[in-house]
Every structure is written in structure tokens, then in C-alpha cells.
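The values are calculated or read from the model by the stated rules, or taken from the named source; none is laboratory data. What you see is a predicted model, and the numbers here were worked out from it, not measured in a lab. So basically every Cβ, Gly included, is an ideal-geometry build from the backbone, and we count neighbours across all protein chains shown. With ligands, DNA and RNA removed, areas are computed over all heavy atoms of the protein, side chains included. Shrake-Rupley method; radii C 1.70, N 1.55, O 1.52, S 1.80 Å.
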Amino acid sequence: MKHWWGPKGFTSPVCKLDLRPGGTMHYCMRSPDGHEMWGKFSFREVVAPERLVYINSFSDAQGGLTRHPMSPTWPLELLTTVLFEEQGGRTTVTIRWGLLPSATEPERKTFNDGHSSMQQGWTGTLDQLRAYLEAP
């Protein structure tokens, strides 16, 4: 994941992965201008080859929970489900992001207003994965 994780143009200089229920992924994304953002996944389900379910949050370099560095009303934590389905020799990936019941009303509004940026980020990440898989 270190080779392709993050929106298009971003790099991942740090990516520590413990892929199991109860495990985590702690990572750093670096933008083209050098700005760093840290994130953390806390895995709830790992069902190969079908799905991943995890809590997604921003973090600091030590793995502590933090707010979005540019959006103080972004939800502190999100529930993410990633589904994998084989179709004609290819894998279809479906990503669902959802709010946890603890989300505040301002967090709900920010999340609902941010769908286009979320889609852009995930599309860029999956484009980078595709390029990595197709590289010689």
C-alpha cells in the first residue's frame, strides 16, 4: 500500500499495516507541496477475499486520534466498508463510507456536503493502485 495509497499525486512515506480484526493501518500521506496528513484505520472485519470493515480517522504521527487538519467539523471517525467482487476475471471494488451514531450535527452536515471530494480522493487512490498493478 505504501506504493499507491492516497489521492493522485500524493505519496505515502509511512504505512504500517497489521491487517487483521483488531489490527490497524497507520499511515502518512504527503501532498505534492510537501504537506503531511496522518491517518489510521482500526480493522473490525477482514474477510478475504470479500470485504474489509474499519473505522477511519485522522491521526498524528504517534497514532493518536485527531481532527481533519483542514476541516474542524469533519467527523472524528467514519465507518468504512470495502467490498471486493470478481466479475469476468476482474475485481470490482465498492467503497461505502458512513457516519457513526456518535457524529454531531455539524459533522453530519460536513460529511454530507463533502461527497464529491471523497469521491475524488478515492478515485485518485484507486487510479494509483491501477497504475501500480500495471507497472512492469
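Scanning segment 97-113 for residues that are surrounded by fewer than 12 Cβ atoms within 10 Å (Cβ to Cβ) and under 15 Å from the mean Cα position of the chain (by Cα) turns up just one, G98.
Collect the residues in segment 16-34 that are free of Cβ contacts under 8 Å to residues at least 24 places away in the same chain, of a type outside the set (D, E, K, R) and farther than 15 Å from G64 by Cα, keeping them in residue-number order. Across segment 16-34, the qualifying residues are L17, G22, S31, P32, G34. Is it true that Q120 is open to solvent by 40 Å² or more (accessible area, probe 1.4 Å), polar (S, T, N, Q) and within 19 Å of D18 (Cβ to Cβ)? Criteria not met by Q120. Scanning segment 1-58 for residues that are hydroxyl-bearing (S, T, Y) and either outside any strand (DSSP E or B) or farther than 19 Å from E77 by Cα (or both) returns T11, S12, S31.
Does segment 65-76 include one or more residues that are touching a residue at least 24 places away in the same chain (Cβ under 8 Å), open to solvent by less than 80 Å² (accessible area, probe 1.4 Å) and among the small types (G, A, S)? Yes; the residues of segment 65-76 include at least one that is touching a residue at least 24 places away in the same chain (Cβ under 8 Å), open to solvent by less than 80 Å² (accessible area, probe 1.4 Å) and among the small types (G, A, S). Considering only segment 26-64, state which residues are over 19 Å from S12 (Cβ atoms) and open to solvent by 40 Å² or more (accessible area, probe 1.4 Å). Of everything in segment 26-64, those that are over 19 Å from S12 (Cβ atoms) and open to solvent by 40 Å² or more (accessible area, probe 1.4 Å) turn out to be R44, E45, V46, V47, A48, P49, E50, R51. Looking at the structure I just gave you, is Q87 exposed (fewer than 12 other Cβ atoms within 10 Å of the Cβ) and at pLDDT 95 or above? Considered against the rule, which asks whether it is exposed (fewer than 12 other Cβ atoms within 10 Å of the Cβ) and at pLDDT 95 or above, Q87 comes out as no.
Residue-level check: of (1) within 24 Å of F10 (Cα to Cα); (2) not in a strand (DSSP E or B), K109 misses just (1).
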